[in-house]
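The values are calculated or read from the model by the stated rules, or taken from the named source; none is laboratory data. No experiment lies behind these values; they were computed from the predicted model shown. No Cβ is skipped: glycine too gets one built from the backbone with ideal geometry, and neighbour counts run over all protein chains shown.
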Amino acid sequence: MKFGVIIFPGSNCDHDAHWTIQQVAKQPVTFLWHESHDLESCDAVIVPGGFAFGDYLRTGAIAKFSPVMESVRKFAAGGGMVLGICNGFQILCESGLLPGALMRNVGLKYVCKPVQVRVENVETPFTNTCAKGEVLTIPIGHMEGNYYCDEATLEELRRDNRVVLRYSTPRGEIVASANPNGSLDNIAGICSPGGNVVGMMPHPERSAEPELGCTDGLKVFQSMVGAMAAR
């Protein structure tokens, strides 16, 4: 099994994801350049956090035109595993791989802190090592993490169990005070209809080692490894 981590101009979490996969999860991983169509036979692709193309126009609005994203769309359509983290989530929405959009945080301030998220769907390749309702502590760091979609899309996400993570209290309560950015329905992560594409605002690669103060994020990568091994 092999992971690929995309590098865009302005990405700043690509090396963090690469380190976590290689040094913590102990799996083969390679960098994928944004100008290349070649996914190098990877079994899973990470669209990392950062500020791809400086977040000009809108977050992810330029990155979606990168040649590598054309290949990612084809890869995902064939059932390939794709994880978008923070800016990567924004890019997946702009690219049409996930519905909705990430808008500016309520309060118009950059938010960077550990948060709690409740696992709502454990049937994805990214959450299969978690228990339904389990609360994970994972940090966020974003200015545009306010998830929004229309009512019909929200109803579809709820009906089809496609909300993967919701911001919660440490006890798992879904309340407004636990929402750090104003995200609709406290949504912190969603998946595609097939569950093989997930976008999440929290950074699991920043909470995968004891030295970082928390290891809850490692469960995301362990889930991916297990899912690939089961194929």
Open item on the list: I need the strands (runs of 3 or more DSSP E) fully contained in region 49-150, keeping only those with at least 2 residues that are touching a helix residue (DSSP H, G or I) at 6+ places or on another chain (Cβ under 8 Å) and aromatic (Phe, Trp, Tyr).
Closed with: 146-148
TODO: State all residues of region 86-131 that are in contact (Cβ under 8 Å) with a residue 40 or more places away in the chain, over 12 Å from Val164 (Cα atoms) and among the basic types (Lys, Arg); if no residue qualifies, say none.
DONE: Arg104, Lys113
TODO: Output the number of residues of region 159-184 satisfying the condition of being touching a residue at least 24 places away in the same chain (Cβ under 8 Å) and closer than 30 Å to Lys74 by Cα.
DONE: 9
Open item on the list: Criterion first (among the charged types (D, E, K, R) and within 27 Å of Phe51 (Cα to Cα)) does Lys132 satisfy it?
Closed with: no
TODO: Taking Gly226 as the residue in question, decide whether it is farther than 23 Å from Val24 by Cα and either assigned to a loop (DSSP other than H, G, I, E, B) or touching a residue at least 12 places away in the same chain (Cβ under 8 Å) (or both).
DONE: no
Task: Only one of Gly10, Gly4 that is touching a helix residue (DSSP H, G or I) at 6+ places or on another chain (Cβ under 6 Å) and of a type outside the set (S, T, N, Q) - done: Gly10
Task: Number of the exception - Gly182 against (1) in a helix (DSSP H, G or I); (2) at positive phi - done: (1)
- [ ] Can you confirm whether region 163-178 contains a residue that is charged (D, E, K, R) and within 19 Å of Ala17 (Cα to Cα)?
- [x] no
TODO: Could you tell me which numbered condition Ser207 fails, if it satisfies all but one of (1) under 18 Å from Asp16 (Cα atoms); (2) more than 15 Å from the chain's Cα centre (by Cα); (3) of a type in the set (Ser, Thr, Tyr)?
DONE: (2)
Open item on the list: Give all pairs with beta carbons closer than 7 Å in which a residue from region 185-203 that is at negative phi and outside any strand (DSSP E or B) meets a residue that is surrounded by fewer than 24 Cβ atoms within 10 Å (Cβ to Cβ) and acidic (Asp, Glu); count only pairs at least 6 apart in sequence or on separate chains.
Closed with: Pro193/Asp160
Open item on the list: Looking only at region 1-48, count every residue that is more than 20 Å from Pro139 (Cβ to Cβ) and outside any loop (DSSP other than H, G, I, E, B) and tell me the total.
Closed with: 12
TODO: Test Leu154 against the criterion of being surrounded by 18 or more Cβ atoms within 10 Å (Cβ to Cβ) and part of a helix (DSSP H, G or I), and give yes or no.
DONE: yes
- [ ] Please work out which one of (1) modelled with pLDDT under 95; (2) buried (at least 21 other Cβ atoms within 10 Å of the Cβ); (3) of a type outside the set (Val, Ile, Thr) is the condition Asn146 fails and give its number.
- [x] (1)
